[in-house]
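**Q** Here you go, one structure.
The values are calculated or read from the model by the stated rules, or taken from the named source; none is laboratory data. Because the structure is a prediction, the values reported are computed rather than measured. Heads up, the Cβs are rebuilt from the backbone with ideal geometry, glycines too, and the neighbour counts pull from every protein chain shown.
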């Protein structure tokens, strides 16, 4: 059963009490903090680097609830809170503007090139993955995949998948 309410939460520095991250969750705050702490080992992002730095000093971030909102309003509330706290001068480690996915993150040309090379290498080594991806995209109702050779615009895919996701939620 999906909960009716979710929380907008903050992670703050245990010494300075400075707000460093704003997020959304439907999980209990202790569990969400545990996920942030465990992700420091396998992910590289501004927030995980900050958590690693705290851990190297024997510290851990503190989590607190900013507000409780309806699940349907979580993304909008997270975006609003990130903008609000940044406007007050908080040095947030959020790398995107919030909401589901990576809204606001624009990869550099170098990052796009590296990602492209990795994907091409994986598809060259395992062609069945490319077939699976095409089947999955077709199952999601994407119309612009007529043949394998046709280039798929990433922006269009994200837009269509997001639209499908929102339609399913209604």
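**Q** Of all the residues that make up region 4-27, how many are exposed (fewer than 11 other Cβ atoms within 10 Å of the Cβ) and more than 22 Å from residue 86 (Cβ to Cβ)?
**A** 1
**Q** Then there is this: Given the criterion part of a loop (DSSP other than H, G, I, E, B) and within 19 Å of the chain's Cα centre (by Cα), identify the matching residue among 60, 32, 20, 42.
**A** Matching residue, one of 60, 32, 20, 42: 42.
**Q** What do you reckon, is residue 66 part of a helix (DSSP H, G or I), within 20 Å of residue 13 (Cα to Cα) and either in the same structural domain as residue 11 (by TED's automatic domain parsing) or at pLDDT below 85 (or both)?
**A** no
**Q** Taking region 40-57, which residues are touching a residue at least 40 places away in the same chain (Cβ under 8 Å) and more than 18 Å from residue 15 (Cβ to Cβ)?
**A** Within region 40-57, 45, 46 meet the criteria.
**Q** For the structure I just gave you, tell me whether residue 3 is touching a helix residue (DSSP H, G or I) at 6+ places or on another chain (Cβ under 9 Å), farther than 22 Å from residue 56 by Cβ and part of a loop (DSSP other than H, G, I, E, B).
**A** Taking the combined requirement at face value, the residue satisfies it.
**Q** Residues to consider are 111, 96; find the one that is in a loop (DSSP other than H, G, I, E, B) and at pLDDT below 90.
**A** 96
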